[in-house]
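Worksheet: one structure, shown below.
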């Protein structure tokens, strides 16, 4: 019993210490530091929130932050004359929890640990203005803005197992790998009235699913386009091919990805949006993707008002 009590006490001390170690707010008031636009500029750095262990977007290699969103964060900070600081986000149960814990309130174990801006947030007006059962806006504490990429779903397959993938119906007869508890998982297990369910294999991430494809356990893998591109760029996966099929009934085939800041920090958001807009329209963001062996999709937001020439420049075609 004493051992259990000591262990419990140790856990509490460790949690408190961990929260204090990463704290950068007002210790006396125990509240998040109000890092407005002026405060951010005066501090000399920008804290960019990105998801941990999420290649190719954000991850670590030998203790150094890497990935698309990390590089974008560095570009944004550089354009603003600031130092880049990474804020690792541990995903919670849903996006609302992630926004609360990392953008406007803080986690209960580290309330002062907040990002100035969070990346990889869906730019979706329906979600942004979603209301609860009482009519209150669910996301009233944050502003979602600045789309910088259009993402979509993608399948890669082993040509030694499949001649082609023109439709997901082929996976009634061939196993396909997905990351567990993701939209591809739900989509394939319920697709064609459940006729694909027995052929779906679950893995912790897309990288593990590709390993299984190399080992012959699955004939294909489904994930986000950038995840698939990242794996296909590896020498051990060069034999695999991209499928050209669509995904009927998937809900959202493509979507824009943007940023989020605390609702009271709109001035910072305007400055960030201006920087990202220049990166998109100049074609520099497309080049960033190309440098990482990823295909770039210009957000629908820009497609609605850019001229054909300007859009071609953003797509890296000029």
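Per the Debye formula on identical point scatterers at the alpha carbon atoms of region 237-318, with no solvent, log10 I(q)/I(0) at q = 0.13, 0.14, 0.15 Å⁻¹ is -0.58, -0.66, -0.74.
Ranked by how many other Cβ atoms sit within 10 Å of their own Cβ, fewest first, the residues 266, 35 fall in the order 266, 35. Relative intensity of region 151-242 on a log10 scale, I(q)/I(0) at q = 0.18 Å⁻¹, equals -0.69, per a Debye sum over C-alpha point scatterers of equal strength in the absence of solvent. Taking the DSSP beta bridges in the chain as the whole, what percent of them are antiparallel, to the nearest 5? Approximately 65 percent, going by the DSSP bridge assignments. For the chain, the longest principal axis of the Cα atoms and the long axis of helix 266-282 meet at an angle of about 40 degrees.
Mean projection of the Cα convex hull over all viewing directions, computed for the chain: 21.2 nm².
Of the peptides 98-104, 138-144, the order by per-residue mean of other Cβ atoms within 10 Å, starting with the highest, comes out as 98-104, 138-144. Provide the convex hull volume over Cα atoms per residue for region 43-153, in Å³. It is 133 Å³ per residue. When 43, 133 are arranged by Cβ crowding within 10 Å, least crowded first, meaning fewest neighbours, the order is 133, 43. Counting other Cβ atoms within 10 Å as a rough exposure proxy, the listed residues 68, 279 run 279, 68 from fewest neighbours to most. From helices alone, the chain scores -10000 deg cm²/dmol at 222 nm; the rule is -39500 (n - 2.57) for each run of n ≥ 4 DSSP H residues, then divide by the residue total.
Bear in mind these aren't lab numbers, they're just calculated from the coordinates by the rules spelled out. Here the structure is a predicted model, which is why all the values come from computation and not from measurement. Virtual Cβ from ideal backbone geometry, glycine too; neighbours counted across all protein chains shown.
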